[in-house]
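Note sheet for the following structure.
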Ligand SMILES: *Cc1c(COP(=O)(O)O)cnc(C)c1O
């Protein structure tokens with residue numbers, strides 16, 4: 001089972017999430033179904049917020065990186081937990097604002113934000129825009145002038161630290177579409193440039209070194225490099241950055257190759273990073289910067305599971321056994337994209353012993369449409385409810401209507417009670433924007 005008390009096995013031997021019986025949820029809401037445990041989401045938001053308030057005097061802000069799972073309800077939860085959010089598109093920004101999220105606690109990211117997205121952000125009063133190119137700095141300066149405001153911005157920096165799940169690499173030259181490199185001087189150049197733009201209020205720096213990271217040292221090194229850079233810029237230009245945004249990337253448990261982190265472990269990551277920032281600030285006689293972090297996956301990942309009904313089972317003797325489900329790459333493309341690993345459970349008999357290895361196949365017309373390959377499972381039959389664990393992050397948010405399948409609905413469980421936070425789609429939704437030009441109708445005899 002996963003990390004905390006989000007998932008349990010109840011007296012009937014069935015999987016339970018947030019106090020709700022998974023098989024009952026499947027019966028009531030149908031499958032495929034995304035299920036989120038509200039308590040898990042709130043606990044994770046709080047652990048980061050508490051770390052900043054207890055270890056850093058509250059001199060910072062946690063942003064939920066909403067690309068992990070974006071819908072109105074999750075912004076409402078973030079708002080009630082008194083944290084900020086980051087958005088990476090006009091669509092995410094619109095969703096957050098529709099949920100009543102305060103614009104001044106929104107940061108906006110993206111390596112190629114479009115002009116209409118930047119205009120929307122400036123006009124909505126988005127707190128901070130993270131500049132990722134010289135072109136964007138120009139566009140923003142003009143938009144802010146037109147709006148008669150000074151837009152707060154920070155610059156995305158490439159510190160030359162690449163984090164991988166259990167290791168990190170330091171590179172002099174980073175090959176990335178994101179940000180300005182310290183090593184090649186472009187980070188200094190954008191600093192000079194932004195300081196010269198009259199309609200922008202340049203506040204500091206951002207970096208994001210990767211995702212699904214467990215190695216503490218990766219975060220510490222990145223924080224240290226940014227502090228070194230802040231010091232260097234102060235000495236050269238007399239400008240001292242006020243905001244230091246270190247991005248997200250904290251890992252979660254997907255299967256037993258991953259550690260199971262407790263709340264204290266996430267607090268521990270924060271402690272290490274904060275210690276490093278304090279040490280460097282003291283060493284360089286800098287003010288402690290306003291610390292921003294942007295966890296996405298670690299807030300919603302393990303809070304979510306996906307429920308499916310088993311359909312066809314195809315056993316190819318000596319080759320592989322395929323268990324087909326009513327979902328697939330349209331609602332979870334992560335195996336197809338990255339060969340991501342998952343843990344699969346038969347929700348009806350969650351405590352049954354695993355006796356075989358099977359591959360979970362989706363219903364799309366693609367051989368690569370798989371959710372998990374050769375995973376251990378107990379005896380399984382058509383009609384059983386399967387649960388794939390840790391699907392809260394980058395599943396719904398990456399879903400599509402490929403093959404004109406429905407993007408599944410999502411429910412939020414709170415103390416055993418489940419409610420829709422994303423309603424089911426219907427055929428009308430799928431064809432709503434389709435148009436047949438008259439010409440084609442006339443020719444149709
Ligand atoms: C994706 C992303 C995050 C969140 O990363 P997680 O690994 O989900 O925590 C934070 N900041 C930026 C800029 C990102 O692109």
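The values are calculated or read from the model by the stated rules, or taken from the named source; none is laboratory data. What you are looking at is a predicted structure, and each value in this text was computed from that prediction instead of being measured. As a convention, Cβ positions derive from the backbone with ideal geometry for all residues, glycine included, and neighbour counts pool all protein chains shown.
A few notes on this one:
- Residue count for the range 381-397 under the criterion of being at negative phi, within 16 Å of the ligand (Cβ to nearest atom) and touching a helix residue (DSSP H, G or I) at 6+ places or on another chain (Cβ under 9 Å): the result is 5.
Okay, residues lined up against (1) assigned to a loop (DSSP other than H, G, I, E, B); (2) out of contact with any helix residue (DSSP H, G or I) (no Cβ under 6 Å at 6 or more places or on another chain); (3) closer than 17 Å to residue 293 by Cα:
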{"position": "52", "(1), (2), (3)": "no, yes, yes"}
{"position": "85", "(1), (2), (3)": "no, no, yes"}
{"position": "94", "(1), (2), (3)": "no, yes, no"}
{"position": "104", "(1), (2), (3)": "no, yes, yes"}
{"position": "110", "(1), (2), (3)": "yes, yes, yes"}
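- Of note, residue 121 does not satisfy the criterion of being more than 24 Å from residue 237 (Cβ to Cβ), part of a strand (DSSP E or B) and assigned by TED's automatic domain parsing to the domain that holds residue 240.
- Search result, residues across the range 192-236 that are more than 16 Å from the ligand (Cβ to nearest atom) and assigned to a loop (DSSP other than H, G, I, E, B): 196, 197, 198, 199
- Within the range 347-378, tally of residues that are in contact (Cβ under 8 Å) with a residue 60 or more places away in the chain and buried (at least 21 other Cβ atoms within 10 Å of the Cβ): 3
- Checked against the criterion of being in a helix (DSSP H, G or I) and within 16 Å of the ligand (Cβ to nearest atom), the candidates 266, 335 yield just one match: 266.
- The range 56-80, residues that are under 16 Å from residue 267 (Cβ atoms) and surrounded by 18 or more Cβ atoms within 10 Å (Cβ to Cβ): 56, 60, 62
- Subset tally (residues that are within 14 Å of the ligand (Cβ to nearest atom), assigned to a strand (DSSP E or B) and out of contact with any helix residue (DSSP H, G or I) (no Cβ under 8 Å at 6 or more places or on another chain)) for the range 130-157: 3
- Selection within the range 112-124 - more than 23 Å from the chain's Cα centre (by Cα) and either crowded, with 20+ Cβ neighbours inside 10 Å or without any contact (Cβ under 8 Å) to a residue 24 or more places away in the chain (or both): 122
- Number of positions in the range 21-37 that are over 20 Å from residue 250 (Cβ atoms) and either touching a helix residue (DSSP H, G or I) at 6+ places or on another chain (Cβ under 8 Å) or part of a strand (DSSP E or B) (or both): 7
- Scanning the range 168-191 for residues that are within 16 Å of the ligand (Cβ to nearest atom), modelled with pLDDT under 90 and part of a strand (DSSP E or B) yields one hit, 168.
- Check on residue 327, assigned by TED's automatic domain parsing to the domain that holds residue 22, part of a loop (DSSP other than H, G, I, E, B), more than 16 Å from the ligand (Cβ to nearest atom) and free of Cβ contacts under 8 Å to residues at least 40 places away in the same chain: no
- Flag for residue 246 being away from the ligand (no atom under 14 Å from the Cβ) and touching a residue at least 40 places away in the same chain (Cβ under 8 Å): no
- Annotation note: Cβ proximity below 6 Å between a residue of the range 382-400 that is within 15 Å of residue 325 (Cα to Cα) and touching a residue at least 24 places away in the same chain (Cβ under 8 Å) and a residue that is in a helix (DSSP H, G or I) and more than 16 Å from the ligand (Cβ to nearest atom) (sequence gap 6+ or interchain) occurs for 384/348; 385/23; 385/26; 385/347; 385/348; 387/22; 387/347.
- Scanning the range 291-324 for residues that are assigned to a loop (DSSP other than H, G, I, E, B) and within 16 Å of the ligand (Cβ to nearest atom) gives 294, 295, 296, 301, 302, 303.
- Residue within the range 58-81 that is without any contact (Cβ under 8 Å) to a residue 24 or more places away in the chain, over 27 Å from residue 354 (Cβ atoms), more than 15 Å from the ligand (Cβ to nearest atom) and assigned to a loop (DSSP other than H, G, I, E, B) present: yes
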